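Report on the structure given below.
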Amino acid sequence: MGAEPNEDHRRRELSFRLRTLERALLDIGPQVRWARSARFLWNLIRVSIGGVSAQLRSVDPADVEYEDTVSNIETVTDVLHALLGYVEEGQPERVPQAIVSALEDLVRPIAPKSRVLVCYDWTPSNYGYLEAFREELNAVVRTSVRHDAVDPKSQEAVNVVPDMFAIVFLPAAEQDSVLLHAALAHEIGHGICEVAAIDPPTVMPDGVVGELMEAEDGELLGVLSDFYVRSQAWKRELVADALSVCLLGPAPFMSLYRLAPNAEPSETHPDSNLRFQLMSVCLKKLCFLNEDNVPPDLSWLPDTVTRAVEGSQSAVENWPDQVFRLAHTHLEHNVERIAETAIAFGMEKSCAFGRDGWDADYAQDADAPRHQLVRRILHAVPPDTVERVTDKGMRQDQAARLPAILNAGWAVYADPKRWLQFCQIFEDGPVQHEFESRRKLQNLVLKAIDTVNVKREWGATA
Ligand SMILES: [Zn+2]
């Protein structure tokens, strides 16, 4: 009995925290109305607050499970608090929602109930993915279901728990750089990897095995485990890169090239060179780099890929960190295998976007939609519509898809000739306001993604 006042204090504090959380949640309610994923998370938090509050009220200090139950509520409250933070950061007026919905639709063949929440990252200028979020989400759901299972609202939230929920970040400083947002496909690739557990088998080159075995007796285990951890982390990044190319074609490669043309390796990420090598293999496998058959609007691509790979080469043998060196050599030896596994997965799930028509929508002429969209951009028209000829020879307008829109944007921006042409639409003389033209291009692309998104939502409800 002596412990009771303390326990009551603990309960009161928890209950106060939950009430505060609920108030903060209600405050941002109106802002999440138009953002599917933020709204989903908002609802889930609301239901969970109800669930754990009820549980807190009913728990009996005399119960043997009291301690565990209260600790669990504390943990879930912490998670809910963090989740609310993401909902706040993922507010629709700050983040371009249309691209989020378009990306969700893109991964639907893999994870039919996919949800993506895009948040701003205010510190680094990097795109990012929140690891291990799925477990936290599940912990929340488990708690609210177990103790509030009869509440239909709770059941509703549980039924819509996504098979993939990716919280991804985009750099606040690049808010309007919609072409760079192709990099979000890499982050979503991490989500796909988690759901589908894609882990391509790799083969160790002899040199790496030899060097690992040369480690001093007492150090072998440490070196091996460092090497394994590093290789696995880097491989996850490469798989996400491969999936990003599957989903969006050359666009994510271009984003990475602009963002990190020559990044050094780190504990978590391989050097840019390894990533470009992998993406180059993927682009080749998806037929974007066929030397004798490059479509005119992508004529700049093969050279750009070569430049990216060659410009990021570094004397790996001189890297001071042995584990980095071995991980690079090991994975470089396996880029083909990694690309193959990821692309085979994409094809199996019908979400690979390749030039030779793996995407059923583009089966007749894989390049046609992009060609048309490039032409629209060069007339300062948003690239949102593709004209198709039906089986009966009728011409029909169709909403363009995200990969074609983004790649058309890059096809204008990355090709010096086309870029000049685009800049000249707005200028009489030589290009003086590159910044202004870039802004106009981004606006056209964003407008297209927006329009297509609206059309799709209408189509879905009609
Ligand atoms: Zn990554």
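Answer yes or no: is there a residue in region 232-255 that is in contact with a helix residue (DSSP H, G or I) (Cβ under 7 Å, 6 or more places away or on another chain) and hydroxyl-bearing (Ser, Thr, Tyr). Yes; the residues of region 232-255 include at least one that is in contact with a helix residue (DSSP H, G or I) (Cβ under 7 Å, 6 or more places away or on another chain) and hydroxyl-bearing (Ser, Thr, Tyr).
SER266 satisfies every condition listed in (1) within 16 Å of the ligand (Cβ to nearest atom); (2) surrounded by fewer than 18 Cβ atoms within 10 Å (Cβ to Cβ); (3) of a type outside the set (Asp, Glu); (4) in a helix (DSSP H, G or I) except (4). Would you check if there is a residue in region 391-403 being outside any loop (DSSP other than H, G, I, E, B), under 23 Å from LEU256 (Cβ atoms), at pLDDT below 95 and assigned by TED's automatic domain parsing to the domain that holds ILE449? Yes, because at least one residue in region 391-403 is outside any loop (DSSP other than H, G, I, E, B), under 23 Å from LEU256 (Cβ atoms), at pLDDT below 95 and assigned by TED's automatic domain parsing to the domain that holds ILE449. All of (1) surrounded by fewer than 23 Cβ atoms within 10 Å (Cβ to Cβ); (2) away from the ligand (no atom under 11 Å from the Cβ) hold for SER255 with one exception: (1).
Does LEU278 satisfy being within 26 Å of ALA98 (Cβ to Cβ), of a type outside the set (Val, Ile, Thr) and either in contact with a His (Cβ under 6 Å, 6 or more places away or on another chain) or within 16 Å of the ligand (Cβ to nearest atom) (or both)?
Details: within 26 Å of ALA98 (Cβ to Cβ): no; of a type outside the set (Val, Ile, Thr): yes; either in contact with a His (Cβ under 6 Å, 6 or more places away or on another chain) or within 16 Å of the ligand (Cβ to nearest atom) (or both): yes.
Answer is no for this residue.
Restricting attention to region 288-321, the residues that are assigned to a helix (DSSP H, G or I) and loosely packed, with under 13 Cβ neighbours inside 10 Å add up to 8. Scan region 197-238 for residues that are closer than 20 Å to PHE165 by Cα and within 16 Å of the ligand (Cβ to nearest atom) and the total you get is 4.
Do we have any residue at all in region 96-118 that's away from the ligand (no atom under 16 Å from the Cβ), assigned to a helix (DSSP H, G or I), over 23 Å from ALA404 (Cβ atoms) and modelled with pLDDT of 70 or more?
Of region 96-118, the ones away from the ligand (no atom under 16 Å from the Cβ) are 96-102, 104-106, 108-115, 117.
So of that shortlist, the ones also assigned to a helix (DSSP H, G or I) come out as 97-102, 104-106.
Then keep just the ones that are over 23 Å from ALA404 (Cβ atoms); that gives none.
Scanning region 96-118, I find no residue that is away from the ligand (no atom under 16 Å from the Cβ), assigned to a helix (DSSP H, G or I), over 23 Å from ALA404 (Cβ atoms) and modelled with pLDDT of 70 or more, so the answer is no.
Quick one: would you say PHE324 is among the aromatic types (Phe, Trp, Tyr), crowded, with 24+ Cβ neighbours inside 10 Å and out of contact with any Phe, Trp or Tyr (no Cβ under 6 Å at 6 or more places or on another chain)? Considered against the rule, which asks whether it is among the aromatic types (Phe, Trp, Tyr), crowded, with 24+ Cβ neighbours inside 10 Å and out of contact with any Phe, Trp or Tyr (no Cβ under 6 Å at 6 or more places or on another chain), PHE324 comes out as no. Taken as a whole, region 308-329 holds no residue that is within 30 Å of HIS371 (Cβ to Cβ), touching a Lys or Arg at 6+ places or on another chain (Cβ under 7 Å) and not hydroxyl-bearing (Ser, Thr, Tyr). Of everything listed in (1) farther than 28 Å from GLU317 by Cα; (2) at pLDDT 85 or above; (3) away from the ligand (no atom under 12 Å from the Cβ); (4) outside any helix (DSSP H, G or I), the single unmet condition for PHE169 is (3).
Only one of the numbered conditions (1) surrounded by 15 or more Cβ atoms within 10 Å (Cβ to Cβ); (2) in contact with a His (Cβ under 9 Å, 6 or more places away or on another chain); (3) not aliphatic (A, V, I, L, M) is not met by CYS246, and that is (2). Of all residues in region 239-250, exactly one satisfies the criterion of being more than 16 Å from the ligand (Cβ to nearest atom) and of a type in the set (Gly, Ala, Ser), namely GLY249.
A search for C-beta distances below 6 Å between a residue of region 253-270 that is under 21 Å from PRO320 (Cβ atoms) and assigned by TED's automatic domain parsing to the domain that holds ARG230 and any residue that is polar (S, T, N, Q) and away from the ligand (no atom under 16 Å from the Cβ), counting only pairs 6+ apart in sequence or on different chains, returns ASN262/SER312.
The values are calculated or read from the model by the stated rules, or taken from the named source; none is laboratory data. These numbers were taken from a predicted model, which means no experiment stands behind them. Every residue, glycine among them, receives a Cβ derived from its backbone with ideal geometry; neighbour counts consider all protein chains shown.
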